[in-house]
Every structure is written in C-alpha cells, then in structure tokens.
1. Can you tell me how many residues within the range 68-91 are of a type outside the set (V, I, T) and in contact (Cβ under 8 Å) with a residue 40 or more places away in the chain?
2. For residues in the range 67-84 being among the hydrophobic types (A, V, I, L, M, F, W, C) and over 16 Å from S96 (Cβ atoms), which is surrounded by the fewest Cβ atoms within 10 Å (Cβ to Cβ)?
3. Of the conditions (1) assigned to a helix (DSSP H, G or I); (2) surrounded by fewer than 16 Cβ atoms within 10 Å (Cβ to Cβ); (3) modelled with pLDDT of 95 or more, M6 satisfies every one except a single condition; which number is it?
4. Of V94, V155, V119, V111, which residue is assigned to a strand (DSSP E or B), of a type outside the set (S, T, Y) and under 17 Å from F66 (Cβ atoms)?
5. Can you find a residue in the range 100-122 that is among the β-branched types (V, I, T) and over 24 Å from the mean Cα position of the chain (by Cα)?
6. Go through (1) surrounded by fewer than 16 Cβ atoms within 10 Å (Cβ to Cβ); (2) in contact (Cβ under 8 Å) with a residue 12 or more places away in the chain; (3) acidic (D, E) one by one and return the number of the condition E159 breaks.
7. Looking at the range 111-125, which of the residues that are surrounded by 14 or more Cβ atoms within 10 Å (Cβ to Cβ) and without any contact (Cβ under 8 Å) to a residue 40 or more places away in the chain is farthest from A58 (Cα to Cα)?
Amino acid sequence: MRYGSMKCFIYCLLSTMFLAMAPALRAQENAQQMRERAAEVDMQRQELFNLESETARAIQWNSTAFFRRVYSDDFIGIAGSGEVMDKQKYLTAVQSSSVKYSSFIASDIRVRIYQETAVVSCLWSAHGTVSGHSVSRQYRVTHIYVNGTRGWQAVSSQETLLPG
C-alpha cells in the first residue's frame, strides 16, 4: 500500500512540476518565434528597399525588363503630371522617355509592412538632359506592393513632382 501511495505522490509531484514549467517553455518558444518573425520582416523590408533602388536604376536606363517582372499585370500608377497609367502605358513611357538621365536616385526610402501588403515611400532625384537642355527633378513617390506567389509585386504608385 505504501508503494502505491508513494507512486501516486511522485506522479502528482512530476505532473505539478510539468504544469508549473509549461508556461516558461511556451514563453521561450514564443520568444524564438518572435525573433524568427522579426528576422523575416527585416529581410522583407530589405527586399522592398532594394526594389525601390532597382526601380530608380531601371528608369535611369529606360529598361522595361524590371517593370515587366515586378509590376503586377493590373498595376495602376499616377505619374507626376497626374496622368493615370496601366502597366503597358507605364512600360511605354519608360522605354520611350525623351529624358536621358545622368543620375536617378531613390533616397529617404521608408518601408511599412502590413502582413502581405507593403507601403513604400521615397524621394526620387533625377538629373539629365532633354533635347540638349539640362533638367533636374524631384518626386515624392509611394508604391503599394503585395506579396504573393511571385514575390513582392507593385500594384500601384503615386508620383508627386516637387516644385523647383
């Protein structure tokens, strides 16, 4: 009989210890998951930052390959002039631009991620020539990206030409 009571006591003691330690184990697991999620968000933030830099390079070189890959088929953008452009119209505008850029830089890039959607804003600074005349322009730009099976894709943009 004593052996049975001792066995029951040990079982109860071990069960109590396990139940007491369970929240600490879950907290460690949750902390690890939070670290992994933070690292994933940082990686996504860097990817979106890079996409903005690549956008500026593609515009500078009048290259449409980047936009064909990164802009969604249903992309809608609003140019600095206020013109609304779908993807095809945007590609045509980039490819046939009369501006020959000596530099086109994206700076002040800010990335905000909301689950599978991201809002990225930046400052575009462009210098170049049109018909032999020097031009300098700055735009505030906002891109909306959605993360899907093809990775981050731009679905919308708004460009605002700054005065000056």
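The values are calculated or read from the model by the stated rules, or taken from the named source; none is laboratory data. This is a predicted model, so every value here is computed, not measured. When we count neighbours, we look across all protein chains shown, and the Cβ atoms used for this are built from the backbone with ideal geometry, even at glycine.
1. Total meeting the criteria: 8.
2. Here the answer is V84.
3. Result: M6 passes all but (3).
4. V155
5. So far as the range 100-122 goes, no, none of its residues is among the β-branched types (V, I, T) and over 24 Å from the mean Cα position of the chain (by Cα).
6. All conditions pass for E159, except number (1).
7. Among those that are surrounded by 14 or more Cβ atoms within 10 Å (Cβ to Cβ) and without any contact (Cβ under 8 Å) to a residue 40 or more places away in the chain, it is V119.
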